[in-house]
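No value in this document is a laboratory result; all are computed from the given coordinates. Just so we're clear, the structure is a prediction, and the values are computed from it rather than from any experiment. When we count neighbours, we look across all protein chains shown, and the Cβ atoms used for this are built from the backbone with ideal geometry, even at glycine.
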Amino acid sequence: MEHPPVYDRPPLAALSIADLAVLVAELGAPSYRSRQVYAAVNRRAALVPAEVPVLPRGLVVRLAAATGPAATAVAEEQVSADGTTKLLLGLADGRRVETVWIPEGGRRTICVSTQVGCPIGCAFCASGVGGLVRNLAAVEIVEQVLQAIRSRRARPTHLVVMGMGEPLLNLEALAEAVRRWRDPEGLGLSPRRITVSTAATGALVDRLLEEDLGVALAVSLHGPTDETRARLVPTSRPGRVEELVEAATRYARESGRDATVEYVLVAGENDGPADADALVRLLRGRHLHANLIPLNPVGHRPDLAAPSGLEARAFLHRLEAGGLSATLRTRRGADIRAACGQLALERAIGARSPGAPPRG
């Protein structure tokens, strides 16, 4: 597995408020300047010192000499008819990841990636087609939010860590990013408005609980039985469905935060009445909300399709009749291939020469 880039000079967004306090003192400036810089980076999405409006020219020059360029750059931007915006971000080593801005009513949600590629290999997800390339550094995660803010000229109301990669396999960097998002002197977002999604293991969910980040949890289940889940999540193992549901229940109970079960509806695979009944039996009494997501078609699996709207609603109603709390999510950004990894995969394939292997 590759490693994140090593920077000769740190990007401005990589610096914590403690780092900035030390740097500002070394540069001979008053201590309050560190808080001004930190706030400008995390609230106004300033990525270089020249974008911090309150600094005197001399300090801008000294700070610019001590820091490097941003860790990310917008390589491509696509805007859907429904307002969903996908950003393809270039990284310092030439790799690319995706970030998505999702407006819906009064909510403005940013969907963030944590890895280049993904090791999970869900059948309906383009992120894992080339496998896992590397983890993202904390600054590369943080800057995704800043780039989305710059693009849309607005701050988010919610963050979801549901983009490319398995977040809990990069927990150290993710935890650092979450603490930055939570910081009242930075973005100042309530942890209740940050959701981390995982398709991994119960043990990793327990590690997230130990980090005490206060975020909401979403467990990617996609099947009510091990047999069904293994068809859609090939890396799944026997006992994994019950393990994940138990871990989500434990997380909700001990953290006091919401926990949901994500269930991508795939026609003919997991959307029948028997599947709904099995999901009711699995989740009944656990106080876990079921979030149903009609499949966003992906080019590498043309054999997979979303159920019709009527079939999806029938699945929802069957869960509700069984006593579950459930929501059928509206598909967003289908016209710009907003599902995880699609744009990055297409651009990677287009960039390589004929016959060359995928680069991730």
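In terms of its Cα atoms, region 72-351 spans 47, 41, 36 Å along the principal axes, sorted from long to short. Of interest is the spacing of the C-alpha centroids, which for region 5-78 and region 128-150 amounts to 19 Å. Stretched out straight at 0.36 nm per residue, the stretch from Gln78 to Ser31 would grow longer than its current Cα-Cα span by 12.8 nm.
Cα centroid separation, region 253-278 to region 215-233: 7 Å. Using the Cβ of Ser255 as centre and a radius below 12 Å, the other residues enclosed give a net charge of -2, where K and R count +1 and D and E count -1.
Quote the Stokes-Einstein diffusion coefficient, in whole µm² s⁻¹, for region 12-66, based on the Kirkwood radius over alpha carbon pairs, a temperature of 20 °C and a viscosity of 1.002 mPa s. Present the calculation step by step, with values, prior to reporting the outcome.
Values: Rh = 10.7 Å.
Answer from the Stokes-Einstein relation: 200 µm²/s.
Put simply, the amide H of Ala75, placed in the peptide plane, has neighbours under 5 Å in Leu88, Leu89, Gly90, leaving out anything fewer than 5 places away on its chain. 3J(HN,Hα) along region 77-84: 9, 10, 10, 7, 4, 8, x, 4 Hz, from the Karplus curve 6.51 cos²θ - 1.76 cosθ + 1.60 with θ = phi - 60°, whole Hz, x for Gly and Pro.
Can you list the residues, at least 5 places off or on another chain, whose amide H is less than 5 Å from the amide H of Gly322, using H built in the peptide plane? HN-HN under 5 Å from Gly322: empty list. For the pair Arg329 and Ser16 in one chain, pulling the backbone fully straight at 0.36 nm per residue adds 109.1 nm over the alpha carbon distance.
With labels modelled as points extended 7 Å from the Cα through the Cβ direction, what inter-label distance (nm, one decimal) is found for Asp226 paired with Asp212? The two pseudo-label positions are separated by 3.5 nm.
Pairwise Cα distances in region 142-204 exceed 14 Å in 60 percent of cases.
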